[in-house]
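K.L.:
Once you've had a glance at the structure underneath, I'll fire off some questions.
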Amino acid sequence: MRVLIAPDKFAGTLTAVQAAEAIARGWGRRSPDDELDLAPMSDGGPGFVDVLHAALGGDLHAVTVAGPHGSPTPATLLVVDDVAYVESAQACGLHLTHGEGVETATSLGVGELVAAAVDAGARRIVVGLGGSGTNDAGAGLLAALGATSDVALDAGPLALAELTTLDLAPARALVAGTRIVVASDVDSPLAGLFGATKTFGPQKGLPEDRLAAVDGLLEDFAAVADRRLALAKGAGAAGGLGYALMLLGGERRPGIGLVSDAVGLAERARAADVVLTGEGAFDFSSRSGKVPYGVAETAAEALRPCVALAGRVLVGSREMRALGVEAAYSMVELVGEERALGQPAEALADLAERVARTWSRE
């Protein structure tokens, strides 16, 4: 029997690569003769570069960039032929802010990564967005690439309060001739009720009583930069990094679709008898461009069943079917929360072994 293993990261505990290996280890204990095909996945957020490096090879370039509050932060640029892959979370991820100081956090380091990609000779730069701790409309990124203004662009959204001028010409000149692809699972516009601030601000530590004010700062920024583009799907991704990249001519693509194409997921699903996916919390928000939904869609097109393994399963059978998943299994239900969090790889392997009892033909 052939089994395709295509999980996302289990946020805070396992990378996608580690999750795939743990599932394979557990499944193999129960069904050692099954053929296991590991295809760790990403939607553009944390783990984006690792997943693509595992699938595509290429050269990893170590870069030190400015973190969200200015501290030197290590990051990695993946270069495959003339294509560079950048993971924004490495430079401005939520794990670097710990949910604090979002009003002064900057995306400057992401711009430095893009500049490093240009210096490396990339003709195409794919920027994975997701898991950010910033909400500055990408002003910091633009500053790193040469944009200028009458206010500091690299000091977070709070510094944008008095902005009246913005010159993007130097930044656009720097990336001229380079195709920019925005890999994101988020459809939000930059501002408004469903924009970056009101949708994702609270999870980044922005207090409820500051949401309207910070959202207004992003609206004011857009009024100077490009109000129409601020309404585009994905402009609100990663606190507005999607918007900044679109200002430079970036073209948005769903992150899960881009990674699926890169790893040849459709062909690998057709060669499998069952497809396994997973993430830390499997809930109905998984439908919004998340890995399990994207993998399930690919499995359905290949007429193969898709099974999810997760830290927690927060949907019922009806919602599960709507997501295209035949069955979902929870680590917490099997081994308890303490072990699921304290020994995630072992717990996931145990869960995979249990799932194999039902889904393997052995």
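The values are calculated or read from the model by the stated rules, or taken from the named source; none is laboratory data. Keep in mind it's a predicted model, so treat the numbers as computed, not measured. Methodologically, a virtual Cβ is constructed for each residue, glycine included, from the backbone with ideal geometry; neighbour enumeration extends over all protein chains shown.
K.L.:
Out of everything in segment 193-209 that is touching a residue at least 60 places away in the same chain (Cβ under 8 Å), assigned to a helix (DSSP H, G or I) and out of contact with any Asp or Glu (no Cβ under 7 Å at 6 or more places or on another chain), what residue ends up being surrounded by the most Cβ atoms within 10 Å (Cβ to Cβ)? Please lay out each step first, then the result.
P.N.:
Going residue by residue through segment 193-209, those that are touching a residue at least 60 places away in the same chain (Cβ under 8 Å) are 196-197, 200-201, 203-206.
Checking the rest, the ones that are also assigned to a helix (DSSP H, G or I) come to 196-197, 200, 203-204.
Restricting the remaining residues to those that are out of contact with any Asp or Glu (no Cβ under 7 Å at 6 or more places or on another chain) gives 196, 200, 203-204.
On the way: A196: 34, F200: 20, Q203: 11, K204: 21.
Restricting to residues being touching a residue at least 60 places away in the same chain (Cβ under 8 Å), assigned to a helix (DSSP H, G or I) and out of contact with any Asp or Glu (no Cβ under 7 Å at 6 or more places or on another chain), the top hit is A196.
K.L.:
Here's a check for you: in segment 334-343, which residue that is under 27 Å from the mean Cα position of the chain (by Cα) and either β-branched (V, I, T) or not in a loop (DSSP other than H, G, I, E, B) (or both) is surrounded by the most Cβ atoms within 10 Å (Cβ to Cβ)?
P.N.:
Our first condition is that a residue be under 27 Å from the mean Cα position of the chain (by Cα); within segment 334-343, this holds for 337-343.
Filter once more, so that each one left must be either β-branched (V, I, T) or not in a loop (DSSP other than H, G, I, E, B) (or both): 337-342.
Values: E337: 13, E338: 10, R339: 15, A340: 25, L341: 16, G342: 12.
The selected residue is A340.
K.L.:
I need the full set of residues from segment 344-362 which are surrounded by fewer than 20 Cβ atoms within 10 Å (Cβ to Cβ) and among the β-branched types (V, I, T), in order please.
P.N.:
Residue satisfying the conditions is T358 alone.
K.L.:
Collect the residues in segment 219-231 that are charged (D, E, K, R) and either in a helix (DSSP H, G or I) or touching a Ser or Thr at 6+ places or on another chain (Cβ under 9 Å) (or both), keeping them in residue-number order. First the steps, then the outcome.
P.N.:
Initially, segment 219-231 is screened for residues charged (D, E, K, R), giving 219-220, 226-228.
Selection gives E219, D220.
K.L.:
Test of understanding: among G216, G234, G242, which residue is crowded, with 24+ Cβ neighbours inside 10 Å and in a helix (DSSP H, G or I)?
P.N.:
Values: G216 fails: crowded, with 24+ Cβ neighbours inside 10 Å; G234 fails: in a helix (DSSP H, G or I).
Answer to the check: G242.
K.L.:
Note down all Cβ pairs under 9 Å where the first residue falls in segment 272-284 and is outside the structural domain of I23 (by TED's automatic domain parsing) and buried (at least 20 other Cβ atoms within 10 Å of the Cβ), the second is outside any helix (DSSP H, G or I) and not aromatic (F, W, Y), and they're at least six residues apart or on different chains.
P.N.:
none
K.L.:
Also, quick follow-up: Check off (1) over 17 Å from S260 (Cα atoms); (2) modelled with pLDDT under 90; (3) touching a Leu at 6+ places or on another chain (Cβ under 7 Å) for L309 and give me the number that stays unchecked.
P.N.:
(2)
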